[in-house]
1. Among the residues of region 274-308, which ones are within 13 Å of ligand 2 (Cβ to nearest atom) and touching a Pro at 6+ places or on another chain (Cβ under 9 Å)?
2. So which residues in region 5-39 are of a type in the set (D, E, K, R) and not in a helix (DSSP H, G or I)?
3. Do any helices (runs of 4 or more DSSP H) entirely within region 285-385 hold 1 or more residues that are at pLDDT 80 or above, and if so, which?
4. Restricting to region 212-229, count the residues that are within 30 Å of Asp134 (Cβ to Cβ) and within 16 Å of ligand 2 (Cβ to nearest atom).
5. Return the pair list, or none, for Cβ contacts closer than 8 Å from residues in region 270-292 that are polar (S, T, N, Q) to residues that are in a helix (DSSP H, G or I) and away from ligand 1 (no atom under 11 Å from the Cβ), at least 6 apart or on different chains.
6. Taking only pairs six or more apart or across chains, which ones have beta-carbon atoms under 6 Å, a first residue in region 335-355 that is at positive phi, and a second residue that is within 16 Å of ligand 2 (Cβ to nearest atom)?
7. For region 251-278, how many residues are within 21 Å of Val220 (Cβ to Cβ) and either of a type outside the set (Val, Ile, Thr) or under 20 Å from the mean Cα position of the chain (by Cα) (or both)?
Amino acid sequence: MINISDTIVAIATPPGEGAIGMIRLSGNEAIAIVNKIFSGKDLAKQQSHTLHFGKIMDGAKVIDEVVVSIYKGPKSYTGEDIIEISCHGSDYVLKQVINLCMEHGARMARPGEFTLRAFLNGKLDLTQAEAVADLIASQSGSAHKAAIHNLRGGFSEDLKQMREELIKFSALIELELDFSQEDVEFADRTQFYALIDRLTTATEQLINSFKLGNVIKNGVSVAIIGRPNSGKSTLLNALLNEERAIVSEIAGTTRDTIEETLNINGILFRLIDTAGIREHSIDTIELKGMERSKEAMNKADIVIYLFDLTENNPVTARNEAAQFPIPNSENGVKYLLVGNKVDETGMENAKNTFADIDNNIIFISAKNKENIHQLKETLFALVAGGEIKQEGTIITNARHYGALQEVLKSLHDIKNGLDNNISGDLISLDIRTCLFALGEITGEVTTEDKLDYIFSKFCIGK
Ligand SMILES: Nc1nc2c(ncn2[C@@H]2O[C@H](COP(=O)(O)OP(=O)(O)OP(=O)(O)O)[C@@H](O)[C@H]2O)c(=O)[nH]1
Ligand SMILES: [Mg+2]
């Protein structure tokens, strides 16, 4: 059972020492509770959106000198009275203050409870509440952009428009049912068809954006695979622009996988340098490393197969590469063939020699950082194409994705119903399913809206 009648308290800043540590309370008693432990002013008499310096007292003992902010409901994040106490950032002090608040009637908040209250009090809808969590977790420019877009209601606005248009038609169709003896058609079928088509396209666009959205939210894993000494670790270092992995002329230098993140144009890539794979090894550690390389490869979104241009001719390069998964639309793994050490063979020579096996080979010198930029751009284009600059909503949330698929399914059902001229009450049922799925995303109630719409717009006086 959700209880929002009591007053909750929690530490809002991360654990550990810091300049400031913040405690937040929300609920009817927030001001009264803090007033009991605050000396300086009577907080009950202060205006909303003001700051107050004073001391937190445990009886006669001073716990800390603090600044208290007051936000009175409903003009606050949760819609309730909120007090924020900015203390010195000590875990000990914060614990003492929390204990005092609880002694005076506050309850420890559950995870996300402030935002939950904001939702229940109508300050945010579900997609916005979810965007708060996404914003906090965002680690790249594109994740941040998507979260901010949704927090500001971008996605909700898309859905709201869809719902309103559908509700209007639904209301008209239900009206027809009321007047069924009179054989009238309030809902223009041509317009209705057009609407369903429009909504279907919009829903499909949102669903398609999820692939990119997932990338934005979770990053892309890139496994660098190849034979020992092909230069995988050198490539990792070149991509990161730092000496992260040990490089040596000894084959089998990298024994375990090494993972580092790289931000390319706002998208997070997780680069995985692996142990070189060769057929004949009796070294048990190397064999284990090779196992891990294969695991990394199987889990990766993108595989870079790196080969040594000075050792490989087109035939051996092709044979080598053939042992690894070629781009496979089924599991979605993307594959890049990269020839390294072009500084030794020369760019033109390499291109001419390898042109017959694959025109898409990227030739680089990991050591001299030649063409590394091109490789980065290729990685970026593989996941984002031109889409990343796309304005508008990108779905990043699996729950929304699932619900949108329900929406799409019900839109197809509605269309089929129209095609087959089925009765209004059945169509109306499909519309309800669709509205329900849309409403599930934002957390709205569906049926009351619809009634509201009928009464407010039509005023039929019946
Ligand atoms: N000429 C030249 N040498 C390179 C290049 N990239 C790497 N090397 C050299 O190749 C050797 C092997 O490099 P590493 O990066 O350790 O190779 P690796 O693929 O990680 O090897 P393992 O970890 O053993 O599988 C080192 O001596 C590097 O200096 C390059 O672009 N040009
Ligand atoms: Mg290595």
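1. Ala275, Gly276, Ile277, Arg278, Glu286
2. Asp6, Glu17, Arg24, Glu29
3. 342-345, 347-354, 372-384
4. Of the residues in that region, 3 qualify.
5. From residues that are polar (S, T, N, Q), the pairs are Thr274/Arg292; Thr274/Ala296; Thr274/Met297; Ser281/Leu287.
6. Qualifying pairs under 6 Å: Lys341/Asp308.
7. 14
Every residue, every condition in (1) of a type outside the set (A, V, I, L, M, F, W, C); (2) surrounded by 13 or more Cβ atoms within 10 Å (Cβ to Cβ); (3) touching a residue at least 60 places away in the same chain (Cβ under 8 Å), yes or no:
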residue	(1), (2), (3)
Gly21	yes, yes, yes
Ala30	no, yes, yes
Phe38	no, yes, no
Lys45	yes, no, no
Ser48	yes, yes, no
Gly73	yes, yes, no
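The values are calculated or read from the model by the stated rules, or taken from the named source; none is laboratory data. This one's a predicted model, so the numbers in the text were calculated from it and none came from an experiment. FYI the Cβ positions are ideal-geometry reconstructions off the backbone, even for glycines, and counts take in every protein chain you see.
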